Amino acid sequence: MDNNITFKDIKKSNYSAIFQLLYQNEKSSKQEIANQLQLSLPTVTQNLVRLEEEHLIEKSGQFQSSVGRRATAYAVNAKARVSIGVEIQKHTVKLLAVDLLGAVFQQKERTLAFTKDDLYFKALSNEIEAFITELELSSDQVLGVGFAVQALTSANGKTITYGKILDCTGLEIEAFSQHLPYPCKFIHDAKCAATTELWLRKDIGDAVYLSIGTHLGGAIIIHNQIEMGKEGHSGTVEHMTMNPDGPRCYCGKKGCMETYCSVSALLNKGDTLDDFFQEVRKGTPDYVKRWDQFLENLAFAINNIHLVINREFIIGGHLSPYVTEQDLEILHEKVNQKTAFPSDQRFIHISRSLEQGVPKGAALPFISDFIQSV
């Protein structure tokens, strides 16, 4: 035993171990906790009382028993702490609240056109405050507010380092945090979506995540962690050149993957994804042709990336709910036609988080940090 370990360290370790065990299990009894952690019942009881007093856990019914008294079940109090995710887009904002178990329990969407001025920062901050008030929680229950942005950010989430879509390069998080009494941070929207995927799937390991929305975004996942790269732009496949003479990208270059594989590239003016795919599934020739060409372009890009990173691909973003198993089969076949290494192994999958991946992923880092700190 390490002679530097104090009684205080042991108490903290026991407290943390009991909370973590309850967090990993839906419910546990006092005896189950004692058995699994090899702790005495008095030690378990003492820590359960403390965790209850701090509202981190709660009694949650009783276990069935054929003999004797039924044991009390203990569970994490999911709303002991919450975090807020905010997805900022050009004309709208999405807000949602996530509890300690990573579940979304409240959300709303508002029309609010982005402008890089204090009028907008105050307006959005007021929306966030009103949203939190509706949750009927005390301010100390709110761990923080994550802002998902269509932009690259500094590693600490304090600065937008590249924000051409919203014309917000250089924006500091203080623009919002000065109006909000909570920790705040910026997070790249594609990284948010990948974070949600990692939360839902603990077995990803290594993968390439493609977030296909109005704009395209990407993330590289290595050992269940998002690889940011030396300068923070690992995974920005949207600016990989597919055709140097292709359409002009918002970055100023020509023929980026963004101009071929985003929803903006797929839809014509006035189209919606709902309307587009209704026509595709009805077999309307023009729409079927456009969808097939989109899959052709996507296969071209995926093949190039796959030759460099021979891992699974996950397709998320606003497009993903519309992609069928048949579409995936066609996409795989198109990749096989282009690659030097065709394979029968399916390596392209649809995201498990189809609706709330981006704002939820903006909220989850606060939850993860808190869970690890207990």
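Read-outs: derived from the displayed coordinates by stated rules, not from any lab. Predicted model, so just to flag it, every value in this text is computed and none were measured. All Cβ positions, glycine included, derive from the backbone under ideal geometry; neighbour counts span all protein chains shown.
Computed extension length for GLN337-GLU172: 54.8 nm, one decimal, from 0.36 nm per residue of separation with the Cα-Cα distance subtracted.
Footprinting exposure proxy ranking of TYR23, TYR260, fewest other C-beta atoms within 10 angstrom first, gives TYR23, TYR260. In terms of its C-alpha gyration tensor, segment 203-285 comes out oblate, because a/c is 1.5 or above while a/b does not outweigh b/c.
Straight-distance candidates among the lysines for linking to LYS202, with alpha-carbon spacing under 25 Å and chain neighbours fewer than 8 residues away dropped: LYS27, LYS79, LYS185, LYS191, LYS360. Kindly list the residues of segment 66-105 that lie in the label zone of GLN36, defined by a backbone N under 18 Å from the point 7 Å along the Cα-to-C-beta vector. Those under the cut-off are 71-78, 100-102. Against the main long axis of the alpha-carbon atoms of the chain, helix 118-134 sits at an angle near 40°. Taking a ≥ b ≥ c as the square roots of the eigenvalues of the Cα gyration tensor, segment 7-76 is classed as prolate, since a/c reaches at least 1.5 and a/b is larger than b/c. To the nearest ten degrees, helix 325-338 and the longest principal axis of the Cα atoms of the chain are 60 degrees apart. Among HIS55, HIS179, sorting on how many other beta-carbon atoms sit within 10 Å of each Cβ, with the fewest leading, yields HIS55, HIS179. Partner aspartates and glutamates whose Cα lies under 16 Å from the Cα of LYS94, excluding those fewer than 8 positions away in the same chain, are identified as GLU109, GLU127, GLU129, GLU134, ASP189, GLU355. Each of ASP286 and ARG70 was given a label point 7 Å from its Cα along the Cα-to-Cβ line. The distance between the two points is 6.4 nm. For mean projected area of the Cα convex hull in nm², computed directly from the structure shown, the correct entry in [x] 24.5; [y] 17.7; [z] 19.0 is [x]. Taking each residue as 0.36 nm, the span from ILE222 to ALA78 lengthens on full extension beyond its C-alpha to C-alpha distance by 48.9 nm. Within segment 307-322, name every residue whose backbone N is under 20 Å away from a label modeled 7 Å from Cα of LYS230 along the Cβ vector. Residues 308-309 fall inside that zone. Using R0 = 30 Å, the C-beta based FRET efficiency linking ASP344 and LEU273 works out to 0.45. The residue among LEU119, SER139, ILE160 whose Cα reaches farthest toward the positive pole of the charge dipole of segment 70-160, with charges on the beta-carbon of Lys, Arg, Asp and Glu, is ILE160. Distance from the C-alpha centroid of segment 97-146 to that of segment 315-374: 27 Å, rounded to the whole angstrom.
Here's how it looks for ASN77: its modeled amide H is under 5 Å from those of ILE57, GLU58, which are all 5 or more places away or on a different chain. With the charge dipole of segment 7-76 set up from +1 on Lys and Arg Cβ and -1 on Asp and Glu Cβ about the Cα centre, the Cα lying farthest toward the positive end among the listed residues SER40, SER13, TYR23 is that of SER40. Scoring 182-188, 33-39, 87-93 by mean Cβ neighbours within 10 Å over their residues and listing the highest first yields 182-188, 87-93, 33-39.
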